[in-house]
1. Any chance you could give the angle, 0 to 90 degrees and rounded to 10, that helix 180-190 forms with the longest Cα principal axis of the chain?
2. Can you work out D for segment 167-208 in µm² s⁻¹ from Stokes-Einstein, where Rh is the Kirkwood radius over C-alpha pairs, the temperature is 4 °C and the viscosity is 1.567 mPa s?
3. Using a simple spin-label model with points 7 Å from Cα along the Cα→Cβ vector, what separation in nm is obtained for Ala168 and Arg135?
4. Please report Arg83, Arg208 as a ranked list, fewest other C-beta atoms within 10 angstrom at the top and most at the bottom.
5. How many percent of DSSP beta bridges within the chain run antiparallel, rounded to 5?
6. Between Asp235 and Asn38, what length in nm is gained on full extension when 0.36 nm per residue of separation is reduced by their alpha carbon distance?
7. Under the rule of at least 5 residues apart or a separate chain, name every residue whose amide H is placed under 5 Å from the amide H of Thr3.
8. Can you give the angle from 0 to 90° between the axis of helix 74-86 and the longest principal axis of the chain, with both taken from C-alpha atoms, to the nearest 10?
Amino acid sequence: MKTKWAVLGSGGIAQRRTIPEGIMQANNAELVAVFDINAGVNQEVAKKFGAKACTREDELLAGDSDLIYIATPVDRHCEQVIRCAQAGKHILCEKPLGLTVADAEKIIDVCKEQNVKLGVGLMMRFHAYHQEALRLVKEGRIGTPVFGRAQLSCWYPPIEGAWRQNPARGGGGSLMDMGSHCIDLLEMFFGRTKKIACLTGNLVHNYRCEDTAAVLLEFESGAKGVVDTLFNVPDESSKNRLELYGSQGSILAEGTIGQGDAGEMIAYLIGSDAGYEAQQIRTESGGIRIAPTPVNMYRAEVEAFSQAVLDDTPPPVDGEAGLWSQKVLAAAYDASLNQRIVSVSL
């Protein structure tokens, strides 16, 4: 059995990744309709993937889809999620849920009232390397977690009309767009953020949102973390590192944070041979190369949400996860603006 998907905002990430790699490849999903304010792009996407090209948003909402994937600019998320929910559609919305915490809270309330499922696009949780690292952490293989780092950077020069460079449309810059993934990953390993400090600025580009962000976190476990996320470093110059340290070892990765399914990961664990079942390749430095079978994150995300709809179970990354992410990001921007450490709570 397959769920019927419609896409609201068929250009951008939907066209590049989520439709071809996620919806079209998923075993339990099929694409039935698309809509985008750019009619030319929408026609192109519809033709390429065999879907109906809707000419209006209300036409998409009136269709026979089971759920709608929203991949529009952030300032549209709140109103669009609400309309989709009122049309009786389950919703997978790209992060962040809205421009503010209040937006996210309103979205969750409406989805509960309408009895529709709400998922949030934090797809990096599904990366096979991240899941393998999570297993090791949960098994206590690195001992007591003490510190983590997540890095995601790219070269993003000024582009006329780019909504990610306009805080009124995207909610922020590199921190909002990429830092949200990095913080979410570290929280997956070490628990929710308890305290946060942040520095942001524009060092290279002169658009209105930040091109530079560095975040210091304290997690509920007591472990500390750092997130650095930049719009001003050439793509080939950033390794997008993930580093997890504990009292009995570490897990170090390059290239796993991003939109691809590859990368490299090495674990340095005390007594690492005992009971460890993943594929192991001993490196010259004595670490173990972690090499799980790659998983396309977008396909895994689509299949997981589709299965939740089919089985009537909670989505694996639900609205509450999106609300929490929004609260952490709001605290980070508060910390940056007022140069203080901010506590985060429910």
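1. Taking Cα atoms only, the helix is inclined about 50 degrees.
2. Translational D for this selection: 108 µm²/s.
3. So the label points at Ala168 and Arg135 sit 4.9 nm apart.
4. Ranking Arg83, Arg208 by Cβ neighbours within 10 Å, fewest first, gives Arg208, Arg83.
5. Counting DSSP beta bridges with both partners in the chain, the antiparallel share is about 60 percent.
6. Once the chain is fully extended between Asp235 and Asn38, it gains 68.1 nm.
7. Residues meeting the criterion, in which the H sits 1.01 Å from N, are Ala29, Glu30.
8. The two axes meet at around 60 degrees.
Each reported figure results from applying straightforward, stated rules to the coordinates on display, with no laboratory input. Keep in mind that this is a model prediction, so the values were computed, not measured. Neighbour counts run over all protein chains shown; Cβ positions are idealised from the backbone, glycine included.
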